[in-house]
Amino acid sequence: MKLRSIVLSAAALITMSGAAFAQFQNAEKATDYRQSVMTVIGTHFGRIGAVVKGEAPYNKDEVAKNAAIVAMMSTLPWQAFGPGTEGGKAKSEVWSESDKFKSAAEKMQLAAANLNTAAQSGDLESIKKAFGATGQTCKGCHDDFKKK
C-alpha cells in the first residue's frame, strides 16, 4: 500500500513537471528545487547505504521503499538545470558541457532504476552491487559538475 502511494505521488509530480518548468525561469527557484530533490535522494540513498554497510539491520520492505523513492526522485532534478538557472552548487560546466551532463544524469537514472529493481527482488547481494554502481554515478557527476 505504501509503495502504491509512492507511485501515485510520483505520477502527480511528473504530471506537474510541465507547470514546474515555468517556475524555473528564476534561477533561485530552480536551485532551491534541485537542491531539495537531491536532499531527498541523499536521505533515502543513505538509508540504503546504512544497510549495505551493516550499520542498520536489513529490512526488505524498508530498503525497497527507499529504493523506489530514489528511483522516482532521480527523474526530477534535471528539469531545473535549464538555461538561465545557473547558480547554487552547480559548476558552469553543467551548461557549457550540457551533453556530458545529460549523459551523466541518464546514467544516474538508469543506475537508480537498477537499484530499485534489485531492492524489489529482496536479494541483498544484488542490492549491494546496485548500490555501489549507483553511488559511482552520483560521485562521477558530483566530481565533474558540483562545486566542492
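The values are calculated or read from the model by the stated rules, or taken from the named source; none is laboratory data. Since the model is a prediction, treat every value here as computed from it, not as a measurement. Using ideal geometry, Cβ is built from the backbone for each residue, glycine included, and neighbour counts are taken over all protein chains shown. We work out accessible area using only protein heavy atoms, side chains counted, and drop any ligands, DNA or RNA first. Shrake-Rupley method; radii C 1.70, N 1.55, O 1.52, S 1.80 Å.
The table below gives the values:
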| item | result |
| --- | --- |
| Where a residue in the range 32-45 is at negative phi and its partner, wherever it lies, is open to solvent by 50 Å² or more (accessible area, probe 1.4 Å), with Cβ under 8 Å and at least six apart | TYR33/GLN23; GLN35/LYS89 |
| Selection count where residues are assigned to a helix (DSSP H, G or I) and either of a type in the set (A, V, I, L, M) or over 27 Å from ALA68 (Cβ atoms) (or both), scope the range 88-118 | 16 |
| Residues located in the range 80-136, provided they are polar (S, T, N, Q) and in contact with a Ser or Thr (Cβ under 6 Å, 6 or more places away or on another chain) | GLN109 |
| Among (1) part of a helix (DSSP H, G or I); (2) crowded, with 19+ Cβ neighbours inside 10 Å, the one test that THR85 misses | (1) |
| Residue count, the range 119-142 (criterion: more than 16 Å from the chain's Cα centre (by Cα) and either touching a residue at least 24 places away in the same chain (Cβ under 8 Å) or not in a loop (DSSP other than H, G, I, E, B) (or both)) | 9 |
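Residue by residue, here is whether (1) part of a loop (DSSP other than H, G, I, E, B); (2) β-branched (Val, Ile, Thr) holds:
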| site | (1), (2) |
| --- | --- |
| VAL40 | no, yes |
| GLY46 | no, no |
| ALA50 | no, no |
| GLY54 | yes, no |
| ALA64 | no, no |
| MET72 | no, no |
| GLN79 | no, no |
